[in-house]
Structure formats: structure tokens, C-alpha cells
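Inspection log for the structure reproduced underneath, given as C-alpha cells.
The values are calculated or read from the model by the stated rules, or taken from the named source; none is laboratory data. All figures in this text were calculated on a predicted structure; none of them were measured in a lab. Cβ coordinates were reconstructed from backbone atoms using ideal geometry, including for glycine residues, and neighbour counts include every protein chain displayed. When the accessible area is computed, the model is the full protein with side chains, heavy atoms only, and any ligands, DNA or RNA have been set aside. Shrake-Rupley method; radii C 1.70, N 1.55, O 1.52, S 1.80 Å.
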Amino acid sequence: MIKQVRPKKNLGQHFLIDLTVARRIADTVDVCPQLPVLEVGPGMGVLTQYLAEKSRPLYVVEIDKESVEYLHEHFPRLHDAVISDDFLRMDLRQLFDGQQFVLTGNYPYDISSQIFFKMLDNRDLIPCCTGMIQHEVALRMAASPGNKQYGILSVLIQAWYHVEYLFTVEPGVFNPPPKVQSAVIRMMRNEVTTLGCDESLFKRVVKTTFGQRRKMLRVSLRQLFDAQHTASPAFFEQPVMTQRPEQLSIPEFVALTNLVAAELKEI
């Protein structure tokens, strides 16, 4: 009989041990009361126990075999709802018969950004995402233009979701305690159905400009062109080119993407 699961450093495991915090996180899914729930990284089920009380379909996905064994032993009522798999490799359309669901969890710090990028790729399936992540990442996700935390994650996520920073969680409620604070966030799909620009180019423009966030756009955007395909001088003389990426709102990034797209067609 497994008594406890050992937190594994290579999986970025920090098990939540405070039941009050666990219940508060579980209650964040109540904003979408009719939808089933997928929990990522349940560990020993401290969050799972409160999600299971909500009388709606629940799946939990866990990559750690020891945790899976523990969950099967201590949550027999979940039966086949414990999925032993890597969330990042899963086909989410196979869950809940392809219907929409809420994504939640105490997310591993080292892959939280990858989890949210997968959420973006499946945004039609995930109208609501909640959970706990590193405090610094939460600040970046919720940041507004002009804020020093505003960056790639802010723009790409806020293009499709409203991000709400809910509350801060101190290190002492985990085993082992992480070296940083944590935070609980909630993301709700906004009304946007199309960006109004080429989405893949939008991502390139955002990542390219924030890759040199201290530089003006007329400097960083040169990376999108090469020696054989140079942009016209007039392109870099447009007023927006004197700005830095952290000054641009999402609609302004969309407009910038369309400017870049038009210039690329001219080449």
C-alpha cells in the first residue's frame, strides 16, 4: 500500500498540502458550472477530492506512475477517470466525447507555458481554464500594455482569453516548498472568433518583437526579412515603428501583423 508519493524534481512536483487552498482552487471552476472538468497533474489528489464533489464528469491526467497508482488506490470511485498520460501529447478531442470542458490543476512550473499554448490550440474546446502556477508567470499572463511583465504570454493568451489574477499562494503550503510564490488564475474565452490577421504571422511578429523588447519595432522587425527579401524604407518609417512591443495593445499587434503581411507580399 502506497502511503505517500515522493515529489520528483524532474517532474517539477510540489504537492499542495493546504486543504483550504485546495478547496479555493477547486471552487474556481464553478464559473462554468455545467461543463466537465479535466485536472492536470493531480499528484496525490488534494485538489481532486474537492473537484470530485462537484457532481459533474471529471478526468484527471497524470504522467507520474507512482501518483497514478496512489490515485487508483485512494480514489476508487474515479475508476477509469484517472488517465496515465502526458497532457502535452494528448488528443483533447478524445475526452468527454468531444464536448467542451474546464481545464484546471496545480500545474508543474516548468511546463505551465506549454500547457497554456496547448490550451490556445484547443480554445474551441476550453472556454475556461483555472489553476495554480508560478506567481511570476501569472503576472505576465495578466499584464497590460506598458507593464514590464507584459510580453509574449500576455499577448498570445489575452488575444483569446480574459485573464484574471485571483490570489497569491505562499510557498509553505507545498511539499516541498518551492523557492517562489505561486498564484491562482482564471481564464475565460473572450468574444474573439478571428484575429483579423494571419494567426501564424501574428505569433511570429509577437515573438520576434519581444525577443528584443528594448528595441524599437523598426529594429526588431528586420529579422522577418533577409538579404534577398528586404523591406522598403517606407515600411520602417511608419509611426508605429518607433514604439517598443510592450507599448502595443493586442489590436495594435493585429494591425502591425497586417502591415508586415502586406510588405511581405510586396517583396
Would you calculate the volume per residue, in Å³, of the smallest convex hull containing every Cα atom of segment 125-236? 155 Å³
Shape verdict for segment 192-267, please, from the Cα gyration tensor: rounded (a/c under 1.5), prolate (a/b greater than b/c) or oblate. oblate
Using a 4.7 Å cut-off between beta carbons, which cysteines in the chain end up with no partner cysteine at all? Cys129, Cys197
Under 18 Å by backbone N from the virtual spin label 7 Å along Cα-to-Cβ at Lys215, the residues of segment 149-171 are 151-152
Starting from the Cα of Asp27, step 7 Å toward the Cβ, then list every residue of segment 166-207 with an amide N under 19 Å from that point. 166-170, 173, 183-187
Select from the chain the helices, each a whole stretch of DSSP H, whose alpha-carbon atoms run 15 Å or more along the helix axis and whose Kyte-Doolittle mean is at least -0.5; answer none if there are none. 199-210, 250-266
Which FRET efficiency value, to the nearest 0.05, is calculated for Asp226 and Phe117 with the Förster distance at 25 angstrom and r the Cβ-Cβ distance? 0.40
Of the cross-linked pairs Lys207/Lys265; Lys148/Lys265; Lys65/Lys207, which ones have a Cα-Cα span greater than 29 Å in the structure shown? Lys148/Lys265; Lys65/Lys207
Of all accessible heavy-atom area on segment 49-162, the percent that carbon and sulfur account for (1.4 Å): 45 percent
Of the listed peptides 162-172, 97-107, 141-151, 229-239, what is their order by residue-averaged count of other C-beta atoms within 10 Å, with the highest listed first? 97-107, 141-151, 162-172, 229-239
At 1.4 Å probe radius, can you tell me the per residue accessible area of the chain in Å²? 49 Å²
Between segment 17-48 and segment 96-132, what is the C-alpha centre distance in whole Å? 13 Å
q = 0.16, 0.17, 0.28 Å⁻¹: log10 I(q)/I(0) that the Debye formula gives for segment 88-158, counting C-alpha atoms only: -0.58, -0.65, -1.37
Inverse mean reciprocal Cα-Cα distance (Kirkwood Rh) of segment 49-122, Å: 13.4 Å
Determine the gain in length on full extension of the stretch Ser144-Asp97; use 0.36 nm per residue of separation and subtract their C-alpha separation, reporting nm with one decimal. 13.3 nm
Kindly state, as a whole number, the per residue volume in cubic angstrom of the convex hull around the alpha carbon atoms of the chain. 139 Å³
What is the sum of charges, Lys and Arg at +1 and Asp and Glu at -1, for the other residues whose Cβ falls under 14 Å from the Cβ of Ile250? -3
Quick one: if you stick a label point 7 Å off each Cα along the C-beta vector at Ser55 and Val192, how many nm between them? 3.7 nm
Please work out how much length the chain gains when fully extended from Lys265 to Arg77, using 0.36 nm per residue of separation minus the C-alpha to C-alpha distance, in nm with one decimal. 61.9 nm
Net length gained if the chain between Asp124 and Met90 were fully extended (0.36 nm per residue, minus Cα distance): 10.7 nm
Give the aspartates and glutamates reachable from Lys215 as a straight Cα distance under 13 Å; neighbours fewer than 8 places away on the same chain don't count. Glu246
Under unit Cβ charges (Lys, Arg +1; Asp, Glu -1), what dipole magnitude, rounded to 20 debye, does segment 1-143 have relative to its Cα centre? 240 debye
